[in-house]
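Chemist: I have a structure here, written as structure tokens, and I will follow up with some questions on it.
The values are calculated or read from the model by the stated rules, or taken from the named source; none is laboratory data. Everything numeric in this text was worked out from a predicted model, so none of it was measured. No Cβ is skipped: glycine too gets one built from the backbone with ideal geometry, and neighbour counts run over all protein chains shown.
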């Protein structure tokens, strides 16, 4: 399962509508004015964790243990879903 298909900030534009260059991205990020966007196909569980990790206020970002738990929980759900799909496919043969 892959979700990252584009370079972060590749869709960021300057005031003229042109592609934002690296130095402009760094400046806006350092001023808490720019965050990366995510694909619409990103699972909501992963999107929520990513958005929390990118909060401008460090106090609002989750602890590593919270991130680890959320990612493990998602992985287990995906594995369970994959196994269930495999079982369902075999039972119809």
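Chemist: Among the residues of segment 28-39, what is the count of those that are surrounded by 10 or more Cβ atoms within 10 Å (Cβ to Cβ), part of a loop (DSSP other than H, G, I, E, B) and either modelled with pLDDT of 95 or more or on the phi > 0 side of the Ramachandran plot (or both)?
Modeler: Residues flagged as surrounded by 10 or more Cβ atoms within 10 Å (Cβ to Cβ), part of a loop (DSSP other than H, G, I, E, B) and either modelled with pLDDT of 95 or more or on the phi > 0 side of the Ramachandran plot (or both) within segment 28-39 amount to 3.
Chemist: So if I check each of 34, 54, 47, which one is in contact (Cβ under 8 Å) with a residue 12 or more places away in the chain and assigned by TED's automatic domain parsing to the domain that holds residue 82?
Modeler: Every option except 54 fails the conditions.
Chemist: Which residues, counting only those in segment 43-69, are surrounded by fewer than 11 Cβ atoms within 10 Å (Cβ to Cβ) and assigned to a helix (DSSP H, G or I)?
Modeler: 44, 58, 59, 60, 64, 65 - these are the residues of segment 43-69 that are surrounded by fewer than 11 Cβ atoms within 10 Å (Cβ to Cβ) and assigned to a helix (DSSP H, G or I).
To keep it simple, each residue is scored yes or no on (1) at pLDDT 95 or above; (2) in a loop (DSSP other than H, G, I, E, B); (3) on the phi > 0 side of the Ramachandran plot.
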residue: 26; (1), (2), (3): yes, no, no
residue: 41; (1), (2), (3): no, yes, no
residue: 71; (1), (2), (3): yes, no, no
residue: 81; (1), (2), (3): no, no, no
residue: 86; (1), (2), (3): no, no, no
residue: 90; (1), (2), (3): no, no, no
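Chemist: Scanning segment 1-24 for residues that are in a helix (DSSP H, G or I) and surrounded by fewer than 12 Cβ atoms within 10 Å (Cβ to Cβ), which turns out farthest from the chain's Cα centre (by Cα)?
Modeler: 23
Chemist: Cβ contacts < 7 Å: first residue farther than 12 Å from residue 46 by Cα, restricted to segment 60-87; second residue modelled with pLDDT of 90 or more, any location; separation 6+ or different chain. Result?
Modeler: Note: pairs meeting the criteria are 61/52; 61/53; 61/55; 62/52; 62/53.
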